[in-house]
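The values are calculated or read from the model by the stated rules, or taken from the named source; none is laboratory data. None of these values were measured; they are calculated from a predicted model. Reconstructed Cβ throughout: ideal geometry from the backbone, glycine too, with neighbour counts over all protein chains shown.
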């Protein structure tokens, strides 16, 4: 696993897409802080951009990179290296590259312009989302042999989480507004890692109105430290289950 991790990480360090990702994050963050006199307003704008852009880039980059390095993966598979070691090394390297890109692209502007708990939560949640969607991207690329179909499924997954989820949730809450829906709130929140990340950040700046409809409903449930910890635990599950499924698929996959 160590050799696979090292080689993949070196390859990713030379990858222009990773460098472009870090540069794009830096330009957006620095630009917003320069345009806004109030760092909190810039931070709020950055939340909306980062929590939508980071999952998209992590998801699509993972899918494309997995397909582009398929021949190397086949070469590794015929070597005396276990398949779990191959996949774990690759996934750890992908996660490390995405995290390092965010440290320089997002972490540095936040540290300079808006040090504090909200900025820390944004960075942590952005990092966790990158790992979540890296795991989802790995799973998609292992389940689909066709690259175009895999990218299409990835875009569909992102579109579902970013846009469709809130629309469906709003329709559900309006349809059952005359009935107690509180028991369903937490399970519904757990279905969308992007909304969980947005809630945990926005509640810390006490602007529920900017969190979207679902965030306003969850304010009473996730406004405490315990609520934030619960949200992070659910986010951890979003990393675990696609990773476990990816390992199962890779062991059974005919390369």
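In the stretch 189-199 there is no residue that is at pLDDT 65 or above, under 30 Å from residue 62 (Cβ atoms) and exposed (fewer than 14 other Cβ atoms within 10 Å of the Cβ). The residues of the stretch 73-102 that are assigned to a helix (DSSP H, G or I) and loosely packed, with under 15 Cβ neighbours inside 10 Å, listed by number, are 74, 75, 77, 84. The residues on offer are 133, 159, 123, and the sole one that is loosely packed, with under 15 Cβ neighbours inside 10 Å and modelled with pLDDT of 90 or more is 159. Exactly one residue out of 61, 26, 5, 21 is surrounded by 17 or more Cβ atoms within 10 Å (Cβ to Cβ), in contact (Cβ under 8 Å) with a residue 60 or more places away in the chain, closer than 28 Å to residue 150 by Cα and over 15 Å from the mean Cα position of the chain (by Cα): that is 5.
Please enumerate the residues belonging to the stretch 1-37 that are assigned to a helix (DSSP H, G or I) and either touching a strand residue (DSSP E or B) at 6+ places or on another chain (Cβ under 7 Å) or under 21 Å from residue 78 (Cβ atoms) (or both).
Within the stretch 1-37, the first condition is being assigned to a helix (DSSP H, G or I), and the residues that meet it are 2-13, 16-35.
Within the stretch 1-37, 2, 3, 4, 5, 6, 7, 8, 11 meet the criteria.
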